[in-house]
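The structure under discussion appears below in the form of structure tokens.
The values are calculated or read from the model by the stated rules, or taken from the named source; none is laboratory data. These numbers were taken from a predicted model, which means no experiment stands behind them. Here the Cβ is made from the backbone with ideal geometry for all residues, glycine too, and neighbour counts use every protein chain on show. Ligands, DNA and RNA are excluded from the accessible area calculation, which covers all protein heavy atoms including side chains. Shrake-Rupley method; radii C 1.70, N 1.55, O 1.52, S 1.80 Å.
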Amino acid sequence: MESNWSAYWKGYLQIRIRSDCPERFFNICASKNIKIWEIRSIEEEYEGFIRISDFKKLLPLVRKTKTRLWIRNRCGFPFFLRSCRKRKGLVVGFFFFFLILYYSSCHIWEIHIEGNRIYSNDIVMDYLAENNIVSGMKKNKVSCPEIEQLLRNQYEDITWVSASISGSRLFIRIQENTDIVTYYKEELAASDMIADHDAVITSIITRSGTPLVKKGDEVKKGDILVASEVVILDDFGAEMRREYVRADADILGEVTYAYQDRQAFSYEYKQYTGEEQNGYAVTLKDKRLFLWAFPVSYSSFDCISDLVYIRLGTNFYLPISLEKWYYREYVICQGEYSKEQAEELLLERKNQNFQNFIEKGLQIIKNDVKISIEKNEAVASGTVVVQQPIGVYLEQNPVESDDSFERTEESFHEMN
């Protein structure tokens, strides 16, 4: 077929030709600029395609060359419309389909963020929503340079932002500065460094201020480690004056933490019965319509939803999504751990807690945690000695300055 869309929109015919002198017929068609394409011979006849407008010009040539013509097929958009007169539902469906495509092409239905590590997708999406940049907004209201400027101004850790639109998708690519250096434009206020834990000093390197402790000293929480007062002496060792600075030092100390964890022998677990109910829903923009759903008759069940976004290609998202709901029945059953299993669970949790210390850059010096068996449970208790940085500034709250470690039993569970 002729590779010309105009022939499709205007309509064309598939014809069969029989002539005693076909060469003369085709030569006259060529001289009259009547185009017949994809001509092929079928026994003593010929078949080809011709435009509707050119077909009307053939009538005088047919009589002149004693040629016979048959219309084998009618093709193109005009004939398609004629065939659809008895299929009004199909025409209406096509109309609404293209209407939805046009509507979707004018809006943003998916916001994709990549490259962010410090700030989660939820944090960035919430900030964009505060500035009216949300899924479903019109494309003509999206300004990529403004989005880039907003994110750079809001988050100092973001050094580079690129925003672009592809299809109905908004791409935001972020590059963060993970090596953050803080510069102080104003001189910091003078302040002492105090201990935020009871500890034994293992190392101290002072950059400013007067150290009041040394390696091996025992300190209590709140004791001054490095004083802000600095005595200036002359060449003869006599005091000239006193200055006050912001104390600054790297101080390591051994801190002792109490550890306690319990594991009961009896426990509850879910036992699925195999019974399941399903429901289906379609979401148009932010409106959900349940297509197939029954009231759940189970007393205890898990609800799982599978969400599928409808899209054309990779980046052209439509404001339509399909959901399938699974309701799976279960019953609560009672189980019993053996002593060995309970001890193994306690050991796994203890190792995980200690691994959290290591991941934070701390060093475990001594581990004195023992596991014992009581009446209805296994108990892990003891102490852990950790080498860690200590020391906060006096104007800070020592408790709030380090929220990773508290000398309580719960601290080890919260770190999981």
With respect to the numbered conditions (1) open to solvent by 70 Å² or more (accessible area, probe 1.4 Å); (2) without any contact (Cβ under 8 Å) to a residue 40 or more places away in the chain; (3) not basic (Lys, Arg), which one is the sole condition not fulfilled by residue 321? (1)
Specify the residue that is modelled with the lowest pLDDT; the eligible residues are those in segment 211-240 that are open to solvent by 50 Å² or more (accessible area, probe 1.4 Å) and within 18 Å of residue 191 (Cα to Cα). 231
Taking first residues from segment 244-268 that are farther than 24 Å from residue 368 by Cα and surrounded by fewer than 16 Cβ atoms within 10 Å (Cβ to Cβ) and second residues anywhere that are at pLDDT 90 or above and among the hydroxyl-bearing types (Ser, Thr, Tyr), the pairs with Cβ under 7 Å that are 6 or more apart or on different chains are 267/337
Return the total of residues in segment 275-297 being without any contact (Cβ under 8 Å) to a residue 40 or more places away in the chain and either in a strand (DSSP E or B) or surrounded by 13 or more Cβ atoms within 10 Å (Cβ to Cβ) (or both). 9
If we keep only residues of segment 27-41 that are open to solvent by less than 50 Å² (accessible area, probe 1.4 Å) and more than 60 Å from the chain's Cα centre (by Cα), then the residue nearest to residue 73 (Cα to Cα) is 29
Give the number of residues within segment 136-161 that are part of a strand (DSSP E or B) and closer than 21 Å to residue 106 by Cα. 1
Where a residue in segment 150-162 is open to solvent by less than 90 Å² (accessible area, probe 1.4 Å) and its partner, wherever it lies, is of a type in the set (Asp, Glu), with Cβ under 9 Å and at least six apart: 155/176; 157/176; 158/176; 159/176; 161/148; 162/148
Just one listed residue, out of 143, 135, is of a type in the set (Gly, Ala, Ser), open to solvent by 60 Å² or more (accessible area, probe 1.4 Å) and on the phi < 0 side of the Ramachandran plot, and it is 135
Could you list, in sequence order, all residues of segment 329-370 that are free of Cβ contacts under 8 Å to residues at least 12 places away in the same chain and part of a helix (DSSP H, G or I)? 340, 341, 344, 348, 351, 355, 358, 359
In segment 104-119, how many residues are closer than 19 Å to residue 148 by Cβ and outside any strand (DSSP E or B)? 6
Of the numbered conditions (1) among the hydrophobic types (A, V, I, L, M, F, W, C); (2) at pLDDT 85 or above; (3) in a helix (DSSP H, G or I), residue 101 fails exactly one; give the number of that condition. (2)
So which residues in segment 358-416 are open to solvent by less than 80 Å² (accessible area, probe 1.4 Å), of a type in the set (A, V, I, L, M), closer than 24 Å to residue 195 by Cα and at pLDDT 75 or above? 362, 364, 365, 384, 385, 386, 390, 392
Residue 316 is checked against (1) farther than 30 Å from residue 108 by Cβ; (2) in contact with a Gly (Cβ under 7 Å, 6 or more places away or on another chain); (3) surrounded by 12 or more Cβ atoms within 10 Å (Cβ to Cβ) and fails just one. What number does that condition carry? (1)
In segment 50-75, which residue that is farther than 14 Å from residue 29 by Cα and under 60 Å from the mean Cα position of the chain (by Cα) is least open to solvent (accessible area, probe 1.4 Å)? 75
Sort out which residues of segment 228-253 are among the basic types (Lys, Arg) and within 13 Å of residue 393 (Cα to Cα), and write them in order of number. 246
